[in-house]
1. Restricting the search to segment 110-126, which residues are among the small types (Gly, Ala, Ser) and crowded, with 16+ Cβ neighbours inside 10 Å?
2. So Val197 ticks every box in (1) closer than 27 Å to Trp294 by Cβ; (2) crowded, with 19+ Cβ neighbours inside 10 Å; (3) not charged (D, E, K, R) but one. Which box is left unticked?
3. Just checking, does segment 263-274 include any residue being part of a strand (DSSP E or B) and either at pLDDT below 95 or farther than 29 Å from Gly375 by Cα (or both)?
4. With respect to Gly359, determine if the residue is of a type outside the set (Val, Ile, Thr), part of a loop (DSSP other than H, G, I, E, B), touching a Leu at 6+ places or on another chain (Cβ under 9 Å) and not assigned by TED's automatic domain parsing to the domain that holds Ala201.
5. I need the full set of residues from segment 376-398 which are of a type in the set (Gly, Ala, Ser) and at negative phi, in order please.
6. Restricting attention to segment 316-328, does a residue exist that is over 19 Å from Arg384 (Cβ atoms), basic (Lys, Arg) and at pLDDT 95 or above?
7. For residues in segment 22-40 being surrounded by fewer than 24 Cβ atoms within 10 Å (Cβ to Cβ) and not hydrophobic (A, V, I, L, M, F, W, C), which is farthest from Ala65 (Cα to Cα)?
8. Condition check: among the β-branched types (Val, Ile, Thr), buried (at least 23 other Cβ atoms within 10 Å of the Cβ) and touching a helix residue (DSSP H, G or I) at 6+ places or on another chain (Cβ under 8 Å). Does Thr301 satisfy that?
Amino acid sequence: MTSPQRAPGGFPVVGIIGGGQLARMCAGPASELAIGLSVLAEAPDAAAAQVVPSSPVGDHRDVEAVLAFARDCDVVTFDHEHVPDEVLSALVAAGVPLHPTPDALVYAQDKLRMRRRLTEIGVACPAWAQARTADQVEAFAARVGWPLVAKTPRGGYDGKGVRVVGTVDELQDWLDQVGAPGPLADGILLEERVEFVRELAVLIARSPSNQAAAWPVVETVQTDGICTEVLAPAPDLDPGLAAVATEAGLRIAESLQVTGVFAVEMFEVRDAESGAPSYVVNELAMRPHNSGHWSMDGAVTGQFEQHLRAVLDLPLGAPTPREPHTVMANVLGGDYPELYPAYRHLMARDPGLKLHLYGKTVRVGRKIGHVNVSGTDLADLRERARHAADYLAGVITE
């Protein structure tokens with residue numbers, strides 16, 4: 001792999017730590033913006049390394065490798081949130097501009113700190129507690145009722161590091177790890193199990209100059225802890241709730257000083273007495289997010305272009321939808337490792353589809369791509385998007 005080549009005119013180079021599909025999907029917008037792109041990839045065949053010429057291979061946990069990578073970049077951002085504190089500190093000490101900064105990124109890396117901070121700034125959250133002992137688990141359950149949602153404060157994603165438990169015994173193996181180095185060093189994050197109407201997400205972009213932009217609130221559909229469908233905008237969403245949820249996202253961006261694109265995952269809930277719609281925040285993601293993939297084709301400015309604009313402190317683009325509805329369906333790996341024949345078939349069957357595959361080896365259940373389709377008939381769009389995703393996965397054969 002080669003070092004990034006600067007384009008004529010002094011255009012900058014954005015470095016991305018991590019070579020997954022989020023970094024891969026920055027390649028097209030970087031080219032269109034005429035900026036350089038370099039990726040610190042996990043392997044020569046990582047998703048982003050297949051399409052970004054400057055993709056040196058290195059471990060995001062290796063301080064020297066990351067510093068060497070950053071020397072050729074004007075700004076550095078992230079494909080994932082798992083870069084260790086000592087690596088982030090070394091980059092800051094070396095004067096490397098990071099977006100988001102470590103001070104913001106920590107709220108996506110550490111769920112306990114996230115819950116504390118959101119509570120401090122008045123953002124609605126589920127009832128929660130930090131537990132280090134069985135007695136503390138029992139005390140929280142006595143307050144909110146079983147079952148509980150238990151989370152590892154660090155290291156969890158896509159449903160990993162999350163349990164729904166009905167007794168303290170179901171957490172004994174985690175309690176045994178409390179205090180030891182690892183994701184449970186500071187204890188377990190306990191949350192009440194929220195009775196929700198549906199899951200929503202708010203996608204925000206914020207630049208170092210404090211310009212911010214928000215896409216419409218979307219509905220996300222989860223299957224076994226993995227997002228399988230996104231409906232943009234969220235259908236039949238109460239306008240007042242849409243405004244309140246967006247305001248919460250913008251407030252989080254300002255209060256946490258987030259730079260770049262980030263997502264706020266929420267539950268839509270109903271007030272127990274009035275029945276009025278409201279929200280509670282579930283998770284934060286300090287990077288472009290699965291809930292924003294629809295914007296690549298469905299908005300004037302997609303999330304990957306916007307992220308590059310934001311981290312470079314360029315003026316942000318319009319997040320306006322191009323059509324009344326866009327549906328995104330994730331493609332999960334199935335029994336068919338050769339995707340190209342199915343890809344060709346879908347292009348011919350439905351020319352309105354936008355197919356995005358990540359260059360990953362197919363494994364059952366692995367997220368290997370997504371499809372977008374936009375238009376006016378939501379039911380039709382959902383059927384077309386789901387058909388395409390199922391066909392690529394081999395769930396259906398016609």
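The values are calculated or read from the model by the stated rules, or taken from the named source; none is laboratory data. This structure is a prediction, so every number in the text was calculated from the model and none was measured. Counting neighbours? That spans all protein chains shown, and the Cβs are built from the backbone with ideal geometry, glycine included.
1. Once the filter is applied, which keeps residues that are among the small types (Gly, Ala, Ser) and crowded, with 16+ Cβ neighbours inside 10 Å, segment 110-126 yields only Ala124.
2. Here Val197 clears every test but (2).
3. yes
4. In short, no.
5. Ala379, Ala385, Ala388, Ala389, Ala393
6. Scanning segment 316-328, I find no residue that is over 19 Å from Arg384 (Cβ atoms), basic (Lys, Arg) and at pLDDT 95 or above, so the answer is no.
7. The extreme case among them is Glu32.
8. Numbers: among the β-branched types (Val, Ile, Thr): yes; buried (at least 23 other Cβ atoms within 10 Å of the Cβ): no; touching a helix residue (DSSP H, G or I) at 6+ places or on another chain (Cβ under 8 Å): yes.
So Thr301 does not fit the description; no.
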